[in-house]
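Comments concern the structure below.
The values are calculated or read from the model by the stated rules, or taken from the named source; none is laboratory data. Please read these numbers as outputs of a predicted model, since none were measured by experiment. Positions of Cβ are backbone-derived with ideal geometry, glycine not excepted, and every protein chain shown enters the neighbour counts. Side chains included, ligands, DNA and RNA excluded: accessible areas come from the protein's heavy atoms. Shrake-Rupley method; radii C 1.70, N 1.55, O 1.52, S 1.80 Å.
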Amino acid sequence: MTALVQGPVHAMAQAGTPAGATASPGPHPPRSHSLHATARITAVADAGATRCTVLHGDGPFDPRRLRPRGGRARVCVLGAMSAPHNGDRLRIEVVVGPGADLEIITAAATIALPGPTPAPATWDLIISVADDACLHWLPEPLISTAGSDLLQSTHIDLAPSARLLLTERQILGRAHEPPGNLTSRLTLRRDGHTLLDQQTDYGPSAPCWDGPAVLAGYRIIGQALLIDPELDDSMPHTQILSDSPDNGHAVVTALPGPGRLLTAVAPDARVLHRHLHTVLRRYV
């Protein structure tokens, strides 16, 4: 059974940098060439705990170990330089071995910026989670700035007994600034079967992206994806959490697996944060 969603749902929030995110320091000097960089993180179970056997990053990626939480290993990916700029090719590969438990966060917002080439930047996230393993992927927001062009893709492969919590937040433009072009693809496979294949397109090159059927003037979008074999599989196919101009629009969709997908748009980052945590408190 496949859940296929193409295009955004309703929409969300005023432009601006969320609390805790770092704003762009201003114009960046042009680069003479594009950047190619990869980060690799591998976690394995070891004597009742989890340890990272691979923790590698180059270019803008600087992954650091954090203090573990119980048996869960924790990693923070620091930004060593501004990226992505148009033309950059960035990739993060995460492998969680059988029985391992890993949480990954980022230190600050990712800011998509213009670059010396008209070619779009690419940002690929490749995730593999083995049986009885768990991954929490909880990054700070992605901010699409004027003149930027980014193709973002997330490919997830889960074993039948794997668990996943993945959140993403996208802010279209900084304060008083139009957004760049942003295409985001999310593909989830579990036990070899596609559960979710979703693509969203925002910005000047996307037809009707800001119309009433898409974002309707909002600028902040968020999702929370939860896959857990212990979830109750009897919930209705969809649950509307919010549907008002003041509180934005948020809906939870049941996925086979079982799984849950929250899609939300909000008038500001605070409201989006509340929608995400409503779902996390309920299911995690």
### Message
Please give the charge dipole size of the chain, origin at the Cα centre, charges +1 on K and R Cβ atoms and -1 on D and E Cβ atoms. Round to the nearest 20 debye.
### Response
640 debye
### Query
Within region 179-195, whose backbone N sits under 12 Å from a point 7 Å along Cα→Cβ of S205?
180-184
### Query
What residue among V54, V129, V94 shows peak mean-square fluctuation when the chain is described by a Gaussian network model with Cα springs under 10 Å?
V54
### Query
Over region 70-220, what relative contact order in percent results from Cα pairs under 8 Å that are six or more residues apart?
19 percent
### Task
Specify the residue with the greatest mean-square fluctuation among G97, G70, G248, computed from a Gaussian network of the chain linking alpha-carbon atoms under 10 Å apart.
G70
### Task
Indicate, rounded to the nearest 5 percent, the antiparallel portion of the DSSP beta bridges found entirely in the chain.
45 percent
### Summary
Projected onto the charge dipole of region 102-182 (unit charges on the beta-carbon of Lys, Arg, Asp and Glu, signs +1, +1, -1, -1), the Cα from L166, I127, A109 with the largest positive-side position is that of A109
### Between region 175-213 and region 52-98, the Cα center-to-center distance that results, in Å
24 Å
### Message
Defining a contact as two alpha carbons under 8 Å apart and six or more residues distant in sequence, what relative contact order in percent does the chain show?
### Response
20 percent
### Task
Describe numerically, in nm with one decimal, the distance between label points set 7 Å from Cα along Cα→Cβ at D58 and at S153.
2.1 nm
### Task
Determine the sum of side-chain charges near T200: Lys and Arg each +1, Asp and Glu each -1, restricted to other residues whose C-beta is under 14 angstrom from that of T200.
-1
### Query
Ignoring ligands, DNA and RNA, what accessible area per residue does the chain give at 1.4 Å, in Å²?
44 Å²
### Message
For a protection proxy built on the mean count of beta-carbon atoms within 10 angstrom, sort 188-200, 211-223 highest first, please.
### Response
211-223, 188-200
